[in-house]
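The values are calculated or read from the model by the stated rules, or taken from the named source; none is laboratory data. Everything numeric in this text was worked out from a predicted model, so none of it was measured. Cβ atoms come from the backbone with ideal geometry, glycine included; neighbour counts cover every protein chain shown.
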Amino acid sequence: MLPRILSQLDPRRRSAPANVTSARIRPEEAFFAIGDIHGCATHLNQLFGLLDEVAHGNEICVFLGDYIDRGPQSREVLLQLYELSQSRPDRVICLMGNHERMLLNFIDDPAGTGLGWLRNGGVATLTSFGIEVPEDAIHSGASVDLARQLEDALPKGLQEWLRVLPKHWSTGNMHCVHAAMSPNRPPEDQRGAVLLWGHPDFFSKPRTDGNIVVHGHTVVRRANLSGGRIALDTGAYLTGRLTAAHLMPGECRFLEARS
C-alpha cells in the first residue's frame, strides 16, 4: 500500500474510525478518498499512517483537490503529491480543486482574473515557496512579478502536472469530485465549473439515481454520508482535522488525523 512508503508518522494522535454500512455504496474496488489538505503536510503524513492500518493492500488513493493555500505547508504538500502521483500513477489520483485552478489563473493573468487568488489563501502558498509578498501587492501591481517568481520556484514538471489534473474519478456508483455534481444531470454530463466550484442544488436536492458523490470543498463539522453525498472537508487548516474515507462495497469508514 503506497502511503506506507511515504509515511513518517506520529501514531499517537488519531481518532477512532466511524463506520457507515449501506448497500448503496457500490465501488468496483476499495479505495481511499482524502479531503481538502490546504497546506497541512503534517496532518497528511499522520493520515497516511491511519490508512496503512486499515488498507487491504491495493487501494487507489483519490485526493479531492485543494492541496494548497491557507495552511503553512503548501509547497511540501504539492511536492509530496506530485512525486507520489509520478511514482504510482496507477494507484494515485489527484483531482483539481478550485484553489489549484486559482493558482493557475494567477500565473496566466496575475493582474486580472488571477488576482483574486491573493485574497483567497494564495499568499500562504507564495510564502511556502520562499516568496515575499508585499502588503499592498493587490493594489501596487506587484502581482505580475509575484507570478514570475512563482513560476521560477515551481519544480520542473509541477506546473504541467497541475494543468492536466482531472476533475472527476469514478468507480461503480461512486463519483469523486472536488466541490459538487449537479443533482439534475447524470455524472457523465457535468460542467467543469460545477465540479470545481459547486452547484446551488447540491446540498438541498438529494440524488435519486443511485449514484453517490464523494466531495470536499465545503467544510463540515464531521465527515458524513447524506443525500447521496459523502462530505470529507473537515477544514484541516482551521480545525486541525484532516479526514479520509475508506470506501468498500457496502461500507464507508471515516479516518481522521488530528493535531
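Going through the range 183-242 one residue at a time, which ones are assigned to a loop (DSSP other than H, G, I, E, B), closer than 15 Å to L95 by Cβ and without any contact (Cβ under 8 Å) to a residue 24 or more places away in the chain?
Q190, G198
Does L115 count as of a type in the set (A, V, I, L, M, F, W, C) and either in the same structural domain as C176 (by TED's automatic domain parsing) or at pLDDT 95 or above (or both)?
No.
Just one of the numbered conditions (1) in contact with a Pro (Cβ under 7 Å, 6 or more places away or on another chain); (2) among the β-branched types (V, I, T); (3) surrounded by 18 or more Cβ atoms within 10 Å (Cβ to Cβ) is not true of V144; which one?
Among (1) in contact with a Pro (Cβ under 7 Å, 6 or more places away or on another chain); (2) among the β-branched types (V, I, T); (3) surrounded by 18 or more Cβ atoms within 10 Å (Cβ to Cβ), V144 violates only (3).
Could you please give the count of residues in the range 91-127 that are over 14 Å from the mean Cα position of the chain (by Cα), part of a helix (DSSP H, G or I) and touching a residue at least 60 places away in the same chain (Cβ under 8 Å)?
So the count comes out to 2.
Which of the numbered conditions does H56 fail, given that it passes all the others? Conditions: (1) over 17 Å from the mean Cα position of the chain (by Cα); (2) under 30 Å from S143 (Cβ atoms).
Against the list (1) over 17 Å from the mean Cα position of the chain (by Cα); (2) under 30 Å from S143 (Cβ atoms), H56 comes up short only on (2).
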